[in-house]
Amino acid sequence: MLTRKIKLCHINAHITCRLCEGYLIDATTVTECLHTFCRSCLVKYLEENNTCPTCRIVIHQSHPLQYIGHDRTMQDIVYKLVPGLQEAEIKKQRDFYQKLGMEVPGDIKGELCNMKTHLDQSQTGDTKSEDTANKEAGEEKPEEDNDYHRSDEQVSICLECNSSKLRGLKRKWIRCSAQATVLHLKKFIAKKLNLTSFNELDILCNEEILGKDHTLKFVVVTRWRFKKSPLLLHYRPKMDLL
């Protein structure tokens, strides 16, 4: 079977961010035109603009951040094509949290452990099937399977209703992983209020509607900034926007 080698420089245009001109990190795609950028680059750009940096199409007049989403497939491609990029990025994130004296989030710890295992197996030539490796990991550390993200960075939240059409939660104070998303909160509130669908809800911070894919960490950094805990969020029916 004939194979043809392609140099990385020939496909760089497809796996780099137009804003920072570096390889895509936390690849995020605009749903309107499917152009992809680094999440941090795109979020910073959209703080003052509402158009795509590449084609200039209007993403949304007032809430462009709600129309972007994490592109896991593209990020996996970039990590597989660029040697050492994933390892370098995870190490950079770990060093960042350690420099601030904060606990390293659980997902980064997991990536580091998986990376170390892979490197050790490559060096010793002792490779195992994925099923076998997962089985052994489960036998050695069963407590991690029941961790439920408790080892993640935590965020305290106050959920308040600002509409007369919905009742307030009996327990409006919650604490959960900073990796949880606004969509998780919508599902939680809908479950507690016995709503037919979580899509009936909007969640707001500082009177701004939050995108369903936003993590709570992202909301704290971009919307709450230097304000004291807990993070105050409001919820209301979508019909209140009319």
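Quick notes
- List F96, F226, F198, F37, ordered by accessible area with a 1.4 Å probe, largest first: F226, F96, F198, F37
- Value of relative contact order over region 8-81, rounded to a whole percent, pairs C-alpha under 8 Å and six or more apart: 33 percent
- Solvent-accessible area per residue in region 166-214 equals 59 Å², computed with a 1.4 angstrom probe and all protein chains kept.
- Projected label points at H10 and E207, each 7 Å from Cα along the beta carbon direction, are separated by 5.6 nanometres.
- Per-residue SASA entry for Y67, accessible area with 1.4 Å probe, Å² rounded to 10: 80 Å²
- Whole-Å distance, taken between Cα centres, linking region 215-232 and region 30-62: 22 Å
- Here the contact order of region 154-237, divided by its residue count and restricted to Cα pairs under 8 Å and six or more residues apart, works out to 43 percent.
- Shape of region 167-213, Cα gyration tensor, a/c cut at 1.5: rounded
- For region 154-237, pairs of C-alpha atoms spaced more than 23 angstrom apart make up 12 percent of the total.
- Rg/Rh for region 8-81 stands at 0.96; both radii use Cα atoms, and Rh follows the Kirkwood definition.
- Taking θ as phi - 60° and the Karplus parameters 6.51, -1.76 and 1.60, the scalar couplings of region 38-55 work out to 5, 4, 4, 5, 5, 4, 5, 5, 6, 5, 10, 9, 10, 10, 5, x, 8, 9 Hz in sequence order, x denoting glycine and proline.
- Solvent-accessible surface of region 8-81, averaged per residue with a 1.4 angstrom probe and all protein chains in place: 57 square angstrom.
- For the cross-link pairs K92/K187; K44/K186; K192/K217; K170/K228; K165/K187; K7/K44, the ones whose C-alpha atoms lie over 28 Å apart are K92/K187; K7/K44.
- Carbon-plus-sulfur accessible fraction, region 178-242 (probe radius 1.4 Å, protein heavy atoms only): 58%.
The values are calculated or read from the model by the stated rules, or taken from the named source; none is laboratory data. All of these numbers come straight from a predicted model, not from anything done at the bench. Cβ atoms come from the backbone with ideal geometry, glycine included; neighbour counts cover every protein chain shown. These area figures cover heavy atoms from the full protein model, side chains too; ligands, DNA and RNA do not enter into them. Shrake-Rupley method; radii C 1.70, N 1.55, O 1.52, S 1.80 Å.
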